[in-house]
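The values are calculated or read from the model by the stated rules, or taken from the named source; none is laboratory data. Everything numeric here is computed off the predicted structure, so don't read it as measured data. Please note: Cβ atoms are built from the backbone with ideal geometry, for glycine as well, and neighbour counts cover all protein chains shown.
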Amino acid sequence: MAAAKKGRRSSGSQGYPGRALAVILIALVALTGGIFLSGDRTPRLGIDLAGGVSITLQAKPNQGGAVTKANMNTAVSIISNRVNGLGVSEAEVQTEGSKNIIVNIPKGTNADQAEKQVGTTAQLFFRQVLAADMGVPAATPKPTPSGSATPSGTPSTTPSGTATPKSSATPSGTPSASSTAQGRAVTGALTSGVNKAPTPLPTTPPAADPGTSAGSSTSSSDVSVPADLQAKFAALDCSNDAARHAITEGAKPTQKVIACGKEGGVWEKFVLGPSLIDGKRISGASAAFDTQQGNGWVVNLNFDSKGASQFTKVTGDLSSAADPNNRFAIDLDGNVQSAPVVHQALTGGSAQISGSFKQGDAEDLANVLKYGSLPLAFDTIDRTTVSAALGGEQLHGGLIAGAVGLALVVLYMFAYYRGLSLVAIASLLVSAGLTYTIMCLLGRAIGFALNLPAVAGAIVAIGITADSFIVFFERIRDGLREGRSLQPAVAVGWPRARRTILVSDFVSFLAAAVLYVVTVGKVRGFAFTLGLTTLLDVAVVFLFTMPLMTILARRKFFAQGHKWSGLDPKSLGVKAPLRRVRRTHSSETKEA
């Protein structure tokens, strides 16, 4: 009796197939409920299916930073953080070769904004404002109130009700010291932020110094503007894209430069001094809503130990200067992100930029401060736009290919295994349900995006999963050919099939893992999907296919080998056991 109990217990889940089925069905229901609760009822699509923009950046040395593997990896990390910091978590950033970085941005929320930040690949510097003037407005300017004047040669962008100084003191074409950023500043922190209603101050053109070297000291005391920069400044039209992109070509951190900035819908052009602090010195930046001081949305930033000492000295120098030389320009690739006013020397290496920020503006500035600096410079050598229509066609084609592949597998299974094909189809449906729900949830959890190679991986997985069923079914048939009834054949065939299935799936998973590690780009989607479906194949075979077969083996249709069951002894070539016939004595006497 004890031996019998021990034998039944050793059969494992075969003795309690209902429990195994309950586990996988509960998991399927839980995952399905998860996608409805999260709202992610469809998988996220990659750029080749959803459409979007693919940008190829080519690296070049920048301020002594050589194009090395380490610098390329750092650049990939910064660009990825910069893009994903905007919520575009399905964006792909990876290296291609030794000098190129590929950035794929699917269409969706903040995709356009992310594309702009990807193209902004220069280093971040903090520079002193030497002079500033109103540039060309980005929108139709509001009329200037009667009785006020604007500087000569500068379009009027002053909102109604704002006083503007007379222009007689400013020679035409000379950079003025007018400030439109009076409202943002750096306080215990910085009070920064260009006023959405700019208020230019009286213009005082800085003295020109043609002899000033381009590699002047980083001291904030030299506020002169060389004659060549005066000419470029006068001719600069910040509303012209080509003009803005050309002004920083060949510029170095030690040089005085001209730059453009846009806040409140108005362009402003600047003459900036040499770099005072490198953007690499920033250790953190974040946007927050200030409820204590009533400043609204602000940007908090912190410097490392070296940057903190530099920041203390610089803010001390700037706070004692006159406007606009007390402004602290945050310069990224010749684009002034913000130019706050410094009112006091700041110690401790932390600051807060406040003034007229909207939430999006504060988050954008914090993102630039946090992820702005790159160890290399980049040129955009290719930009490809994939339309959503083309992606839809590719997805439609992939789904058709998957349906055709599944249909062929089902037809083969039905033709060869007949009733057993119902077990295989049910197992495939469970596997498909698990795969779909997990892919939907992974989109939010890890940013997984389904691309065309991933669809191909799912199609290949159909064959791998079907192969596991075939191995199991053939082991059961082998048991019947050996003269066993169905239930013992299932019990003996499962351990044999289990070893083969595990070895086969291990090889497939190992290949997928190696492919995922050694490749980049879209091929990883194929490897990830193949590895995921291989793991799910093991779960389905162990927790669904085998328990279901154990239950069906007790049913008359399969146990007695119906001709449509797929287990018909005659079709399997099973021979009936030989029986000896004993002759009776009377028959032998009669014959005699």
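Numbers for the structure displayed
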item: Qualifying residue in segment 393-412 (condition: surrounded by fewer than 21 Cβ atoms within 10 Å (Cβ to Cβ) and not in a helix (DSSP H, G or I)); result: no
item: Among residues of segment 309-332, those that are of a type in the set (D, E, K, R) and either buried (at least 22 other Cβ atoms within 10 Å of the Cβ) or touching a strand residue (DSSP E or B) at 6+ places or on another chain (Cβ under 7 Å) (or both), counted; result: 3
item: Among the candidates Gly531, Gly525, Gly566, residue that is modelled with pLDDT under 85 and in a helix (DSSP H, G or I); result: Gly525
item: Filter pass, Gly525 being touching a residue at least 60 places away in the same chain (Cβ under 8 Å) and either farther than 30 Å from Gly419 by Cβ or outside the structural domain of Val540 (by TED's automatic domain parsing) (or both); result: yes
item: Test: residue in segment 279-287 that is among the small types (Gly, Ala, Ser), assigned to a helix (DSSP H, G or I), assigned by TED's automatic domain parsing to the domain that holds Ser338 and in contact with a strand residue (DSSP E or B) (Cβ under 8 Å, 6 or more places away or on another chain); result: yes
item: Selection from segment 338-366 of residues that are of a type in the set (S, T, N, Q) and surrounded by fewer than 23 Cβ atoms within 10 Å (Cβ to Cβ); result: Gln344, Thr347, Ser350, Gln352, Ser356, Gln359
